[in-house]
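One structure is given below, encoded as structure tokens.
The values are calculated or read from the model by the stated rules, or taken from the named source; none is laboratory data. All of these numbers come straight from a predicted model, not from anything done at the bench. All Cβ positions, glycine included, derive from the backbone under ideal geometry; neighbour counts span all protein chains shown. Keep in mind that these areas ignore ligands, DNA and RNA; they rest on the heavy atoms of the full protein, side chains included. Shrake-Rupley method; radii C 1.70, N 1.55, O 1.52, S 1.80 Å.
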Amino acid sequence: MRKKIVAGNWKMHTTPDEGLTLARQVMETAHANEHREVIFFAPFVHLTTLQKEVSVSPFFSVGAQNCSNHEKGAFTGEVAAFMLRSIDVSWVLVGHSERRQYYHENHTILKQKVDQALSQQLLVMFCCGETLDQRMEGNFREVIRKQLEESLFHLDATQMNQVAIAYEPVWAIGTGQTATPDQAQEVHAFIRELIKQKYGDGVAARVRIVYGGSVKPDNAKDLFNKPDIDGGLVGGASLNALDFVTIIHAAE
Ligand code: PGA
């Protein structure tokens with residue numbers, strides 16, 4: 001059985017103190033369950049303190065929202081994977097559509113980020129997903145296939161076991177327009193099939209594929225009940241402790 005993941009993507013919200021308060025509220029309220037894990041993807045300046053707070057629980061972990069595609073050196077303003085490793089952060093988010101769109105992160109850069117993260121034993125949550133135009137044109141499966149092939153499928157099977165995938169249709173992010181559970185399930189099954197073709201049954205059966213894009217307390221359960229949806233990557237609703245806890249409880 002795959003352990004479900006419910007991840008909060010705080011994006012560029014909250015001060016470190018506010019983030020700590022939010023995490024504490026969630027940790028105090030959410031029921032422990034060994035069949036799911038919860039990740040807080042927080043801004044860089046939160047990570048040291050947040051990691052100390054969260055590391056007391058086996059059910060919660062901390063992730064960075066980004067890392068550099070370079071190992072180290074003269075890259076002003078960047079944060080390297082080894083720095084994240086040094087403060088015991090567990091995860092790093094790679095390929096979020098906002099990074100692709102606003103910071104022009106292409107397949108090659110994302111591939112380098114994946115490699116940097118894995119070289120430091122960080123777990124990677126790799127985001128993929130189509131824009132509204134791509135969905136309307138009907139070629140969204142090819143878009144997703146290319147995103148995975150170009151940035152992820154150079155990995156070997158052992159490395160692939162350190163990766164979770166987030167399917168996030170761009171048209172559903174922050175719009176309140178969620179993919180229906182059936183629409184999401186169809187793409188998740190497609191992604192799992194691509195992984196099966198490349199890595200075989202074992203890796204495909206193990207890889208966690210979470211859904212992201214306007215996950216809310218009232219739609220989480222229907223999404224998470226689908227056979228290939230292994231939880232969620234939650235933006236807006238993860239900033240409200242009660243909403244996020246309701247979503248966590250929806251992942252059973
Ligand atoms: P949203 O964001 O839940 O606010 O749509 C999801 C994400 O961008 O990861």
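Computed quantities for the displayed model
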{"item": "At 1.306 mPa s and 10 °C, Stokes diffusion of region 4-250 via Kirkwood alpha-carbon radius, µm² per second", "result": "89 µm²/s"}
{"item": "Solvent-accessible area, 1.4 Å probe, carbon plus sulfur percent, for region 103-252", "result": "48 percent"}
{"item": "Heavy-atom accessible surface of region 1-73: percent carbon and sulfur, 1.4 Å", "result": "52 percent"}
{"item": "Inter-label distance for SER119 and HIS13, nm, one decimal - labels placed 7 Å from Cα along Cα-to-Cβ", "result": "3.4 nm"}
{"item": "Residue-normalised accessible area of region 4-250, expressed per residue, 1.4 Å probe, Å²", "result": "44 Å²"}
{"item": "Amide H contacts of PHE60 (H built 1.01 Å from N, under 5 Å, at least 5 apart or other chain)", "result": "VAL38"}
{"item": "By average C-beta atoms within 10 angstrom, highest first, the peptides 61-70, 206-215, 45-54, 30-39", "result": "206-215, 61-70, 45-54, 30-39"}
{"item": "Most mobile listed residue (GLN116, GLN25, GLN147) in the chain, GNM with C-alpha springs under 10 Å", "result": "GLN25"}
{"item": "Segment HIS104-ASN240, extension gain: residue separation times 0.36 nm, minus the distance between their alpha carbons", "result": "46.0 nm"}
{"item": "Extension gain, THR21 back to LYS52 (0.36 nm per residue minus Cα-Cα distance, nm)", "result": "9.8 nm"}
{"item": "Normalised contact order of region 81-181, rounded percent, pairs of Cα under 8 Å and 6 or more residues apart", "result": "31 percent"}
{"item": "Rounded to 5, the percent of DSSP beta bridges in the chain classed as antiparallel", "result": "0 percent"}
